[in-house]
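The values are calculated or read from the model by the stated rules, or taken from the named source; none is laboratory data. Everything numeric here is computed off the predicted structure, so don't read it as measured data. Here the Cβ positions follow ideal geometry from the backbone for every residue, glycine too, while neighbour counts run over all protein chains shown. For accessibility, only protein heavy atoms count, side chains too; no ligands or nucleic acids. Shrake-Rupley method; radii C 1.70, N 1.55, O 1.52, S 1.80 Å.
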Amino acid sequence: MNVTPLNNKVENSGIITVDILEYKPLDTVLFLDIKDFLYMGLIIREKDFKALVSNYAWEKFKNKPVAIGCTADTIIPTWVFMMLADKLQPYATVVAFTTTEDLTLWLWLDHIAGADFSELQDKKVVVRAHFNIHPSLYIALTTKLKPLVKTLMYGEAGMPKVIYKK
């Protein structure tokens, strides 16, 4: 029996696949809720706040990104954010007043911005399609790859959508 070898057109095309998930931050962003420091769940009382901050277990934030926010509907004095940032600074890798989702997105964008894609110079590149990925990540990847690549595509190597071609 004579068997003809299969011709893998995708493999022979020279298309390189970039998976956006490879640049996702590995660390889970932790949330510090100012609500936990409020007097009677309503306001910041300076003396009580400082006592709580002094006795708080900050070590749990060691080597983690931290988003600070308040889930209670109240007015928070600006100095509170400064004091919390001061206490977190020796432990956390990043501290920001935001949501965990937005800080994760920011870190992901930072990973893409810092990535070295020089090996893709003058190559045909397809960015793998994923559902539920924030569009700003694809925008950042496009901006980073376009000056380098010969062809930029989206989807899968077998049926890509051409975005840019030199």
Legend entry - Top-ranked residue of region 14-35 - restricted to ones that are assigned to a loop (DSSP other than H, G, I, E, B) and touching an Asp or Glu at 6+ places or on another chain (Cβ under 9 Å), ranked as nearest to residue 52 (Cα to Cα): 29
Legend entry - Which listed residue is more than 20 Å from the chain's Cα centre (by Cα), part of a loop (DSSP other than H, G, I, E, B) and charged (D, E, K, R), from 122, 86: 122
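Go through region 151-166 and give me each residue that's hydroxyl-bearing (Ser, Thr, Tyr) and more than 14 Å from residue 130 (Cβ to Cβ).
Across region 151-166, the qualifying residues are 151, 164.
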Inset, instruction - Quick one: in region 36-65, of everything that is part of a helix (DSSP H, G or I) and in contact with a strand residue (DSSP E or B) (Cβ under 9 Å, 6 or more places away or on another chain), which residue is farthest from residue 89 (Cα to Cα)? - result: 48
Inset, instruction - Any chance you could count how many residues in region 15-35 are touching a residue at least 12 places away in the same chain (Cβ under 8 Å), open to solvent by 60 Å² or more (accessible area, probe 1.4 Å) and not polar (S, T, N, Q)? - result: 5
Inset, instruction - Please identify the pairs in which a residue from region 92-112 that is assigned to a strand (DSSP E or B) has its Cβ atom under 7 Å from the Cβ atom of a residue that is open to solvent by 80 Å² or more (accessible area, probe 1.4 Å), counting only partners at least 6 apart or on another chain. - result: 95/89
Inset, instruction - Would you check which residues across region 17-66 are under 30 Å from residue 129 (Cβ atoms) and more than 23 Å from the chain's Cα centre (by Cα) and list them? - result: none
Inset, instruction - Within region 139-152, count every residue that is within 22 Å of the chain's Cα centre (by Cα) and either open to solvent by 40 Å² or more (accessible area, probe 1.4 Å) or closer than 17 Å to residue 15 by Cα (or both). - result: 7
Inset, instruction - Report, ordered by the first and then the second residue, all pairs with beta carbons closer than 8 Å, sequence separation of six or more or different chains, a first member in region 138-166 that is farther than 19 Å from residue 119 by Cα and in a loop (DSSP other than H, G, I, E, B), and a second member that is open to solvent by less than 60 Å² (accessible area, probe 1.4 Å) and not β-branched (Val, Ile, Thr). - result: 156/129; 160/153
Legend entry - Members of region 70-79 that are within 17 Å of residue 46 (Cα to Cα), more than 26 Å from the chain's Cα centre (by Cα) and not hydroxyl-bearing (Ser, Thr, Tyr): 75, 76, 77, 79
Legend entry - Which listed residue, of 124, 47, 87, is in contact with a Gly (Cβ under 8 Å, 6 or more places away or on another chain) and either more than 30 Å from residue 155 (Cβ to Cβ) or open to solvent by 50 Å² or more (accessible area, probe 1.4 Å) (or both): 124
Inset, instruction - Report whether or not residue 125 is at pLDDT 95 or above, among the aliphatic types (A, V, I, L, M) and either in contact with a Pro (Cβ under 7 Å, 6 or more places away or on another chain) or within 21 Å of residue 68 (Cα to Cα) (or both). - result: no
